[in-house]
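The values are calculated or read from the model by the stated rules, or taken from the named source; none is laboratory data. Small disclaimer: the values here were computed from a predicted structure and weren't measured. Note: ideal-geometry Cβ built from the backbone for every residue, glycine included; neighbour counts use all protein chains shown. These area figures cover heavy atoms from the full protein model, side chains too; ligands, DNA and RNA do not enter into them. Shrake-Rupley method; radii C 1.70, N 1.55, O 1.52, S 1.80 Å.
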Amino acid sequence: SVRAALLAAVVAIFALLNPAFVNAASMLSVLQGMVFTGIAAVFLTILITSGEFDISIGANAALSGTLAAQFVTGGAGIEDDRSPWLGLLVGLLVGLVIGLINAFVVLVGNIPSFIATISMLFIAKSLATYLPGGKPISGYRDSWEAQGIDFREIFFLSNFSIIVFVCMIVVGHVFLKRTHAGVVVASIGSNKDAAQTSGVRVKSVKTILFALTGAGAGLAGAVSVLHFGSIYFALGSGWELTAIAAIVLGGTSLFGGKGSILGMVFGLTLIQTVASGMVAVGIDPWWQTVITGGIVLGTLALEQLRRKVT
């Protein structure tokens, strides 16, 4: 396909410029660099398929991760009876609440989701900055280390973020492509009025999707804190733009009705490969956004050309 050929071409170009780019360490770096945004982007893909947006996923991750870290560390000092695993639950629940608030504002307040979730972005990011006083929160894994558990020496723990990402991909793909619920989501995105006429409870479905998107973002924030062992309010900055770019690259329609989780994964892989490749060949990372935007435009143009030809 056009996307696979594009990814292969990008890898080949960077490999020619720096042969060391194609090795196991680089590939693992690409994978690790996309997992956190990817976790948040899975249900965002499904939400966009239904015809709605959530621009607040990055700020949601920052606030959810902050509250998870504060809960586990007790704010000041470590409390041994609070396992880092509980932080994952806290992050997920905070994200779920944020998603439900977004749903209420959009579906009850009749405010366009793009505008409503931009407002949530500012609110959540401000709270994520204010609550810890603008300082990083560290010591997230100290309760384990106090028990003699080395986070990096246990395969499951050290690769937990990747495991979560893979599980989310499987769940999201099966939901969207292999279940009746996925068909309903696509029908809402294609024609909301027709879906409602056929008996679909559109607002209920969208409420669930907003909640799941929020929970996914919250989980991504909590997983990132677990992975790094600390959090700073800058976490999540730009996730929403990267996620939407990946979703578009993957063939999901921004107007709803068509979505692909595997396509989103391709988009993230391409974006992260470009980012890692630029570092490998010494290109100024500030050009990453420019190049990513160019790739998005080029891919969309090629897709439009392919559709006209076929």
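Which three lengths, in whole Å and largest first, does region 111-268 cover when its Cα atoms are put on their principal axes?
Sorted largest first, the three principal extents are 58, 35, 27 Å.
For Cα pairs less than 8 Å apart in space and 6+ apart in sequence, what is the mean separation divided by the residue count of region 100-224, i.e. the relative contact order in percent?
Values: 49 pairs, mean separation 36.0, N = 125.
The value is 29 percent.
Once every Cα of the chain carries one equal point scatterer and solvent is ignored, give the base-10 log of I(q)/I(0) from the Debye formula at q = 0.08 Å⁻¹, two decimals.
-0.37
Based on the mean of other beta carbon atoms within 10 Å per residue, what is the order of 48-57, 214-223, most packed first?
Values: 48-57: 27.4, 214-223: 32.4.
Descending packing order for the listed peptides: 214-223, 48-57.
Relative contact order for the chain: what is it in percent, counting Cα pairs under 8 Å that are at least 6 residues apart? Before the final figure, lay out each step's value.
Values: 512 pairs, mean separation 107.0, N = 310.
Computed over the chain, the figure is 35 percent.
Rolling a 1.4 Å sphere over the protein heavy atoms, what is the accessible area per residue of region 5-74, to the nearest Å²?
On the way: 2110 Å² over 70 residues.
The answer is 30 Å² per residue.
Taking a probe of 1.4 Å, how large is the accessible area per residue of region 169-310, in Å²? Can you show the working numbers first?
Details: 6750 Å² over 142 residues.
Spelled out: the 1.4 Å probe surface of region 169-310, per residue, equals 48 Å².
Probe 1.4 Å, all protein chains in place: accessible area of His180 in Å², nearest 10?
In the full protein context, His180 sits at about 140 Å².
Check cross-link reach from Lys203 to the lysines: straight Cα distance under 20 Å, and skip same-chain residues fewer than eight apart.
Within reach: Lys192, Lys258.
Short version: ³J(HN,Hα) in whole Hz for each residue of region 119-127, in order, from phi by Karplus 6.51 cos²θ - 1.76 cosθ + 1.60 (θ = phi - 60°), x for Gly and Pro, what are they?
4, 5, 4, 5, 5, 5, 5, 5, 5
With a 1.4 Å probe and all protein chains in place, put Ser224, Ser204 in order of accessible area, largest first. Write out the running numbers ahead of the final one.
On the way: Ser224 0, Ser204 50 Å².
Listed by decreasing accessible area, they come as Ser204, Ser224.
Give me the log10 of I(q) over I(0) for region 1-129 at q = 0.09, 0.13, 0.19 Å⁻¹, as the Debye formula computes it from C-alpha points; what are the numbers?
-0.41, -0.74, -1.03
What nm distance separates the two modelled labels at Leu86 and Ile154, each placed 7 Å from Cα along Cα→Cβ?
In this crude label model, Leu86 to Ile154 measures out at 1.7 nm.
Counting only protein heavy atoms, what percent of the accessible surface of the chain is carbon or sulfur at a 1.4 Å probe? List each step's numbers first, then the result.
Details: 9840 of 14300 Å².
Within the chain, the accessible surface is 69 percent carbon and sulfur.
With only alpha-carbon atoms counted, please give the Rg and Dmax of region 106-177, in Å.
Calculated on Cα positions, Rg and Dmax stand at 19.0, 53 Å.
Pop out the Kirkwood hydrodynamic radius of region 17-78 from its pairwise C-alpha distances, inverse of mean 1/r, in Å to one decimal. It would help to have the intermediate numbers written out before the result.
On the way: mean 1/r = 0.0684 Å⁻¹.
Roughly 14.6 Å, rounded to one decimal.
Residue-wise, which Karplus ³J(HN,Hα) couplings in Hz belong to region 95-108, taking 6.51 cos²θ - 1.76 cosθ + 1.60, θ = phi - 60°, and x for glycine or proline?
Residue by residue, region 95-108 yields x, 4, 5, 4, x, 5, 5, 4, 4, 5, 5, 6, 8, 9 Hz.
Sorted from largest to smallest, which semi-axis lengths in Å does the alpha carbon gyration tensor of region 160-212 give for its equivalent ellipsoid, taking the root of 5 times each eigenvalue?
Working: eigenvalues 138, 26, 10 Å².
That gives 26, 12, 7 Å for the three semi-axes.
Whole-Hz Karplus ³J(HN,Hα) for region 129-137, in order, using 6.51 cos²θ - 1.76 cosθ + 1.60 and θ = phi - 60°, x for Gly and Pro?
With the stated coefficients, region 129-137 comes to 7, 6, 4, x, x, x, 10, x, 10 Hz.
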